[in-house]
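J.: Submitted below is the structure of interest, expressed as structure tokens.
Since every read-out is calculated from the coordinates, none of them should be taken as a lab result. No experiment lies behind these values; they were computed from the predicted model shown. FYI the Cβ positions are ideal-geometry reconstructions off the backbone, even for glycines, and counts take in every protein chain you see.
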Amino acid sequence: MTTPQEAVLAREAGVDGLIVQGPAAGGHSATFDPSRFPEPVSTPELVRRVLRAVDLPVIGTGGIGSPDAVRDILAAGAQAAAVGTLLLRTDEAGTSATHKQALGNPAFTETVLTRAFTGRPARALRNGLAERHQGAPAAYPAIHHLTRALRQAAAKAGDSDRLHLWAGTGWRSAAAEPAATVIRHLAERA
């Protein structure tokens, strides 16, 4: 969930806990409304807002690139923190070689929220396709199906300009090492 209003709807539906995704998260936004881009708020602030709206256990995620980020999310009241982008370059990840290389490439300097690849808001490294299609409509899954062959060909060809390079804002901290090492680093220092 990405707003306190979504949290209230989830509680009313009978959920036992929530995963609260800040807009700094990589990949698809968990927003209930794919025509809406998430409000630019930090994950700890979003966790606080959600906890003011509902009394449920919360896992905070989005933009976690360091033990400090984990500490901030826990201090905001989350029971736990979840990471995604930090694991994309790990030995165990099924991330394509092109995507892994792009995450470590200093030529990529920022992430962007875009609908260019699937028609649903998602955060990715800013590349040519995302740049050229900034005004892509909210049309999931149609755009996802229309761009699938292009994305698959780009991955095979090593073309990072046309590939969906999902990445949260903490992507610079994603390391090419075992996943256990990444998690241990976050847990021991958080």
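J.: Take the Cα atoms of the stretch 49-190, find their three principal axes, and give me the spread along each one in whole Å, biggest first.
T.: Between the extreme Cα coordinates on each principal axis of the stretch 49-190 lie 41, 37, 23 Å.
J.: Here's something else I'd like to know. For every other residue with a beta carbon closer than 13 angstrom to the beta carbon of Ser35, add +1 if it is Lys or Arg and -1 if Asp or Glu, then tell me the sum.
T.: With Lys, Arg at +1 and Asp, Glu at -1, the net is +2.
J.: Another question, then. Angle between the Cα long axis of helix 43-53 and the longest principal axis of the chain, 0 to 90 degrees, nearest 10?
T.: 40
J.: What is the spread of the Cα atoms of the stretch 12-81 along each of their three principal axes, largest first, in whole Å?
T.: In descending order, the Cα extents are 31, 25, 16 Å.
J.: Let me spell out the model: positive unit charges on the Cβ of Lys and Arg, negative unit charges on the Cβ of Asp and Glu, origin at the Cα centre of the chain. What dipole size does that give, in debye rounded to 20? Write down the numbers at each step before the final one.
T.: Working: 20 positive and 17 negative charges, 89 e Å.
Dipole about the Cα centre, nearest 20: 420 debye.
J.: Taking Cα atoms, how many degrees apart are the long axis of helix 142-157 and the longest axis of the chain, rounded to 10 and kept between 0 and 90?
T.: 60
J.: Which distance in nm do the two modelled labels at Glu92 and Ala142 give, with both placed 7 Å along the Cα-to-Cβ direction?
T.: 4.0
J.: For Ala80, what is the net charge nearby, where nearby means another residue's Cβ is under 15 Å from its Cβ and Lys, Arg count +1, Asp, Glu -1?
T.: Values: positive: Arg71; negative: Asp16, Asp72.
Combined, the nearby Lys, Arg, Asp and Glu give -1.
J.: Using 13 Å as the cut-off for backbone N distance, which residues of the stretch 20-42 belong to the label zone defined by a point 7 Å from the Cα of Ile59 along Cα→Cβ?
T.: 20-21
J.: In nm, what is the difference between 0.36 nm times the number of residues separating Ser35 and Ala80 and their Cα-Cα distance?
T.: Details: separation 45, 0.36 × 45 = 16.20 nm, distance 2.89 nm.
Using 0.36 nm per residue and subtracting the Cα-Cα distance, I get 13.3 nm.
J.: Same structure again: Distance from a point 7 Å along Cα→Cβ of Ala153 to each backbone N in the stretch 94-138: keep the residues under 15 Å and list them by number.
T.: Output list for this probe position: 129.
J.: Within the chain, what is the longest stretch that has no GluC sites (Glu not before Pro) placed in a DSSP loop and near at most 12 other beta-carbon atoms within 10 Å?
T.: In short, 1-91.
J.: Further question on the same structure: In deg cm²/dmol, rounded to 500, what helix-only [θ] at 222 nm does the chain give when every DSSP H run of at least 4 residues adds -39500 (n - 2.57) and the total is split over its residues?
T.: Rounded to the nearest 500, the figure is -10500 deg cm²/dmol.
J.: Cut-off is 10 Å between beta-carbons; in what order do Ile64, Ile143 appear when sorted fewest neighbours first?
T.: Working: Ile64 28, Ile143 19.
With the sparsest Cβ surroundings first, the list reads Ile143, Ile64.
J.: Estimate the FRET efficiency between Val8 and Gln134 by the formula 1/(1 + (r/R0)^6), using the beta-carbon distance for r and 35 Å for R0, to the nearest 0.05. Display every interim value, and only then the final one.
T.: Values: r = 32 Å, r/R0 = 0.91.
The formula returns an efficiency of 0.65 here.
J.: Right, next: If I build a Gaussian network model for the chain, linking alpha-carbon pairs within less than 10 angstrom, which residue out of Ala167, Ala25, Ala97 has the largest mean-square fluctuation?
T.: Its mean-square fluctuation being the largest, the pick is Ala97.
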